[in-house]
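The values are calculated or read from the model by the stated rules, or taken from the named source; none is laboratory data. Predicted, not measured: the structure shown is a model, and the values here were computed from it. Because the Cβ atoms are built from the backbone with ideal geometry, glycine has one as well, and the counts that use them run over all protein chains shown.
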Amino acid sequence: MTRLIQPAYRPVLDFDTDTLTTGSVVLDDSMLGGKSWKLTSVNNVAATGQRNATYPDLANCVLGFRIKTDSVAADYAGAVIYVSFDTTGYSKYAYTTLPPRASSFTDTGVWFAWTKHVAGFTFEGGAVAADFANVKSIRLTITSALGKTVNFSLDDVWAVPATRQGIVTWTFDDSLSSQYALAAPELESVGATGTFFTIGGNIGSAGSFTAGQVADLVARGHDIQSHGYAHANFTTLTDEQLTADLEAAKAAITSAGANSPKHVAAPYGGLNASQLFTVLQQHTTARSIKSDVNSMPLITPWVNSPVVTAATTQAAISALVDRAVAEGGWLVLCAHEIVASGATGAQTNKAILSDTVTYALANGARVMNYSEAARTMSVSPLAKRSLVTVLT
């Protein structure tokens, strides 16, 4: 048996090991014992921290940002990272906005991590992605909601060389019979395989996979992963209940002839930071249902995935594929019930599966199932370390 060795995580920039220029920002070493910025913004006024330095070549890198807050997401209006390529200021620069619910780490007092390929920044003043080879300064600006005070600590900004060839993955939730009958053969017709996030407790039930179908999908090269045992929203479960649910799902899936699942798709996308820590005791990643392209290498264990329904056009999916190719990112698509044609509501026409694969391959992307892509991308030890540090 060939053993796949995941590439080592080697950041080329980490604020936690550098001296920061604080300016109007209070340096706070108390939150994690490292050198962090603490920013206070009151009444919709922005607070800014900036670091001027000689940076390494950051072109073709994924930049990661790890932030801690003692405020809830609703208390702040936005956070923006600015990168200057101009020694005299910000006449030539790039920026990106950190979403309020980045990586779903929105609980008070916990870390969240967010990543972006440099090609995905917005460029101003004639700047282009290649200018990341000559970065002069990086600035974080936090703005509070009106009448609110927010405290943020920017613990780390790091960079990891990226694989520039994007990846596209089809995933399917709920282990429905139509996925076995229509989705698997449709992908196979264009030389692809998919990942089926399977409800352990539904195996053998009407309208769901049988144990024989699970084993057959594995034999045909498809990927079987966990969608929990009872399809319960994880946010409604205690840590003990969640652990039991995941263990039961794992037992049911392996009994049906699949390998022990290493990845889980949270039913309804429901998962908070504490529960993510529980999931990571048994799994490598957790997949959500957020419409976004994942940066590579995969630094956080929370994987975004847009849901494809009858209302989703091929043009919209192709635009996401183009973005994955441009940024060297990972596009994970999610579908539920598959129909031959005439999809309505949450259904997906089978042709969109093969059309997406064909488009992706023709435009420079690789097509892999979820486990193949996760092995290729690797999950940073830093991502899990940050969770362990905060939640234990």
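Scanning segment 289-340 for residues that are assigned to a loop (DSSP other than H, G, I, E, B) and under 17 Å from Asp355 (Cβ atoms) yields Pro306, Val308, Thr309, Ala310, Ala311, Thr312, Thr313, Ala340.
Among the residues here, Ala286 qualifies as outside any loop (DSSP other than H, G, I, E, B) and at pLDDT below 95.
Do we have any residue at all in segment 120-142 that's out of contact with any strand residue (DSSP E or B) (no Cβ under 8 Å at 6 or more places or on another chain) and modelled with pLDDT under 90?
Looking only at segment 120-142, we keep the residues that are out of contact with any strand residue (DSSP E or B) (no Cβ under 8 Å at 6 or more places or on another chain), and these are 128, 130, 133.
Right, trim to modelled with pLDDT under 90 and you get none.
Among the residues of segment 120-142, not one is out of contact with any strand residue (DSSP E or B) (no Cβ under 8 Å at 6 or more places or on another chain) and modelled with pLDDT under 90, which makes the answer no.
Across segment 98-108, a minimum of one residue is classified as modelled with pLDDT under 85, under 22 Å from Gln275 (Cα atoms) and of a type in the set (Asp, Glu). The residues in segment 161-174 that are at pLDDT below 95, part of a strand (DSSP E or B) and crowded, with 24+ Cβ neighbours inside 10 Å can be counted, and the count is 1. For the residues Ala324, Ala286, Ala310, the requirement of being of a type outside the set (Phe, Trp, Tyr), in contact with a helix residue (DSSP H, G or I) (Cβ under 7 Å, 6 or more places away or on another chain) and in contact (Cβ under 8 Å) with a residue 12 or more places away in the chain singles out Ala286.
Taken together, the criteria exclude Ser354 from residues that are crowded, with 16+ Cβ neighbours inside 10 Å and at pLDDT below 85.
For Phe277, the conditions (1) within 26 Å of Val62 (Cα to Cα); (2) touching a residue at least 24 places away in the same chain (Cβ under 8 Å); (3) touching a strand residue (DSSP E or B) at 6+ places or on another chain (Cβ under 9 Å) all hold with the exception of (3). The set of residues in segment 200-221 that are under 27 Å from the mean Cα position of the chain (by Cα) and buried (at least 24 other Cβ atoms within 10 Å of the Cβ) comprises Gly200, Val214, Leu217. Within segment 372-386, the residues that satisfy the criterion of being at negative phi and either within 14 Å of the chain's Cα centre (by Cα) or modelled with pLDDT under 50 (or both) are Ala373, Ala374, Met377, Val379, Ser380, Pro381, Leu382, Ala383, Lys384, Arg385, Ser386.
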